[in-house]
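S.K.: Once you've had a glance at the structure underneath, I'll fire off some questions.
Just so it is clear, none of the values below were taken in a lab; they were calculated from the coordinates. Quick caveat, the model's predicted, so the values are computed rather than measured. FYI the Cβ positions are ideal-geometry reconstructions off the backbone, even for glycines, and counts take in every protein chain you see.
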Amino acid sequence: MMRLACLPFAAALLLGACADTPTAPAAASAPQLNVAGENGAFRYTYDELYDFAGDSYTQFTCEDGTESEPIQLFGQLFERYTFMQTPSGRVQYVSSTMPVGMYGVGLVSGQEYRVVEREQMTVHYDENDKGGGSLHETLILRAKDTRETFGITYLVQWRFAGPGDMIVNRWKELETCKR
């Protein structure tokens, strides 16, 4: 099984980060706030742009024990969170990410890597804590010259019938390691 050695992206709740390697983006942009309320509903949107100025790294370990080279990350990651609440008490939270000019450079070979990073999370529940959610998160690194590809995708679904009463909990991990 391939494990993710370092992942500097915002979704660290599912992906472990290395203690020895800087993983936080250098600087985040000023947040954009949008609060709207119509017919008793409430909506809050928060946008942020994280800058990877070469101080973040990632590396994959393949199922057979071989490793990708350490890859230094550059570019930006756009992230948007939206929180909504209806007059009936239903709450919905949606978040997503999108890379903006992101790329990596192999520290051993010097070759450039294309970076694909996507996250989509939706969570909803009502005043009785009934609800659920889903997460789809992907990180793929593809070498431009050799076409080596390393990646991981997480698919998660959950559902609650009330406080602490989980009735569905699905987790799937899809790994890519092509040399």
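S.K.: I need T153, T97, T66 ordered by Cβ neighbour count within 10 Å, fewest first.
M.R.: T66, T153, T97
S.K.: Then there is this: At a Cα cut-off below 19 Å, give the aspartates and glutamates reachable from K130, other chains included and same-chain residues fewer than 8 away excluded.
M.R.: Counting by Cα, and skipping residues close in sequence, K130 has these aspartates and glutamates nearby: D165.
S.K.: Let me ask something else. Under 13 Å between alpha carbons, and skipping anything fewer than 8 positions from K144 in its own chain: which aspartates and glutamates qualify?
M.R.: Filter leaves E112.
S.K.: Of L155, L174, how do they rank once you tally other Cβ atoms within 10 Å and put the fewest first? Intermediate values should be presented prior to the final figure.
M.R.: Values: L155 14, L174 10.
With the fewest neighbours first, L155, L174 line up as L174, L155.
S.K.: Something else now. Within a 10 angstrom radius of the beta carbon, how do I140, I167, I71, I152 rank from fewest other beta carbons to most? List each step's numbers first, then the result.
M.R.: On the way: I140 16, I167 11, I71 25, I152 21.
Taking fewest neighbouring Cβ atoms as first place, the list is I167, I140, I152, I71.
S.K.: With each label point set 7 Å from Cα along the Cα-Cβ vector, what nm distance links L155 and D126?
M.R.: Result for the modelled spin labels: 2.8 nm.
S.K.: About the Cα centre, and with charges only on the beta carbon of Lys, Arg (+1) and Asp, Glu (-1), how big is the dipole of the stretch 55-179? Nearest 20 debye, please.
M.R.: Numbers: 13 positive and 18 negative charges, 90 e Å.
Around 440 debye, computed over the stretch 55-179.
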